[in-house]
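Below is a structure I'd like to ask you about.
Laboratory data are not the source of any read-out in this text; all were calculated from the coordinates shown. In this text the structure is predicted, and so the values were computed from the model without any measurement. Counting neighbours? That spans all protein chains shown, and the Cβs are built from the backbone with ideal geometry, glycine included.
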Amino acid sequence: MKASILFITYNHRRFVAEAIRSAIAQDYPELELVVCDDGSSDGTLAIIEEELRNCPAHITIVRASMIKNIGLLPNFNQGVAACSGDIIIPMAGDDISLPHRVSKIVAEFAANSKCTLVYSNWTRIDEVGDVLAGSSKHKKDMTFSYGLEPNCIYAGGKGAGCAAAYRADVFRIFGPLDVANRPEDRSCWVRALLLGEIRYLAEPLLKWRSHSSNVSNYRVGADTPSARKRTIHDLLGRQNYVRQFSKDIRLAVEASIISPKTEQHLLLMIRRDRETQRLRRFSLAEAPWQLWFGSSLRLVTASPSFKTLRRIIFGDLMIRVSDRRRERRWKKRIYKGRS
């Protein structure tokens, strides 16, 4: 089974040498390395080329870099198109893969024909490589799938794209990702669930670097207006996933991958997820009450249950009306380092 590492970089000069060394140190024999730099202006690509002089002979190098910066998802799509492997393993130019990462991932795919996405545990590190508190996640292997009647668009989990690997069908069946969706991991997660199962490996196989320039997993040194603006922008961006989800679900029905009944369940889940993100944004940003109540009503309509109503009243409403609770939630989001 051939594997492709999709090495995505943009202005990663400080970290890329260590990252590319970890990519070419993989112990898997049938490996392709697709280098896809997004027009870096800091010399990232020159560092990569210098390190590739030491690349082992068994690794096929494919150069698919951009001359000009085109953005994360267009660059990701271009890189995927250049991959020829059965398994595609994205890797950022600021992260570090352990030497057996590819072997472990491919073995998991080989053992389960229904598996369309594998993601592992990870260790979160800072700019100098020191391990950050609370790095590792779940301590046991898990499987996610839609089953007979999905009750969540993510099937109860949302893996990090930094640690994910995909069967090539995730892209070859559904096509390029909509460039309005940033980052790519949630869209790929839903595609993988439409096609089969997702496996989580509890063993950390990746060092995920957190620094101020990250697209995700970023670290913010203080609770500033710009940090809050970034959080609100991310919440707004999550509402855009509905377009990609709806398109992929429609393609899955047309290809007889899922049934029309499953389609209806998933479309309802999409509505619920979109409105949840919108209401969180309205609560944190102190949006006008007319907008807040309209969003609450749509969420209750999409998910009519006591649990939903209770969450709105004791969660979002309390954040909206209480300065103390709102500030506490802001600080939790900012200092956690994730939106």
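For each of Arg191, Arg278, Arg172, count neighbouring Cβ atoms within 10 Å of the residue's Cβ, then give the residues from fewest to most.
Working: Arg191 25, Arg278 22, Arg172 11.
With the sparsest Cβ surroundings first, the list reads Arg172, Arg278, Arg191.
Here's a follow-up. Using a cut-off of 16 Å between alpha-carbon atoms, which aspartates and glutamates can reach Lys140, once sequence neighbours fewer than 8 places away in the same chain are excluded?
Glu108, Glu203
Compute the angle between helix 225-238 and the longest alpha-carbon principal axis of the chain, please, reported from 0 to 90 degrees and rounded to the nearest 10.
With both axes taken from Cα atoms, the answer is about 90 degrees.
Which peptide among 142-151, 74-83, 44-53, 3-12 comes first, and what is the full order, when sorted by highest mean count of other Cβ atoms within 10 Å?
3-12, 74-83, 44-53, 142-151
Between Ala110 and Ala133, with labels modelled 7 Å along Cα→Cβ, what's the label distance in nm to one decimal, could you check?
Label at Ala110, label at Ala133, 4.2 nm between them.
Order of Asp248, Asp86 from fewest to most other C-beta atoms within 10 Å?
Fewest-to-most ranking of Asp248, Asp86: Asp86, Asp248.
How big is the dipole moment of the stretch 224-283 about its Cα centre under a simple scheme where the beta carbon of each Lys and Arg is +1, that of each Asp and Glu is -1, and everything else is neutral? Debye, nearest 20, please.
Rounded to the nearest 20 debye, it is 400 debye.
What length, rounded to one decimal in nm, is gained on full extension from Leu309 through to Ser259, with 0.36 nm per residue of separation minus their alpha-carbon distance?
Roughly 15.0 nm would be gained on extension.
Out of the DSSP beta bridges found with both residues in the chain, what percent are antiparallel (nearest 5)?
In the chain, DSSP labels about 30 percent of beta bridges as antiparallel.
Taking the Cα atoms only, what angle lies between the long axis of helix 260-284 and the longest principal axis of the chain, rounded to 10 degrees?
Between helix and principal axis, roughly 80 degrees.
Relative to the longest principal axis of the chain, what angle (0 to 90°, nearest 10) does the C-alpha long axis of helix 241-254 take?
Taking the Cα atoms of the chain, the angle to 241-254 is about 70 degrees.
Quick check: from the Cα gyration tensor, does the stretch 166-208 come out rounded (a/c under 1.5), prolate or oblate?
Numbers: a/c = 2.33, a/b = 1.40, b/c = 1.67.
Taking the square roots of the gyration eigenvalues as a ≥ b ≥ c, the stretch 166-208 is oblate.
I need Val131, Val102, Val62 ordered by Cβ neighbour count within 10 Å, fewest first.
Ordered from fewest to most neighbouring Cβ atoms within 10 Å, Val131, Val102, Val62 come out as Val131, Val62, Val102.
For a 31 Å ceiling on Cα separation, which of these pairs sit above it: Lys68/Lys137; Lys114/Lys332; Lys114/Lys207?
Over 31 Å apart, Cα to Cα: Lys68/Lys137; Lys114/Lys332.
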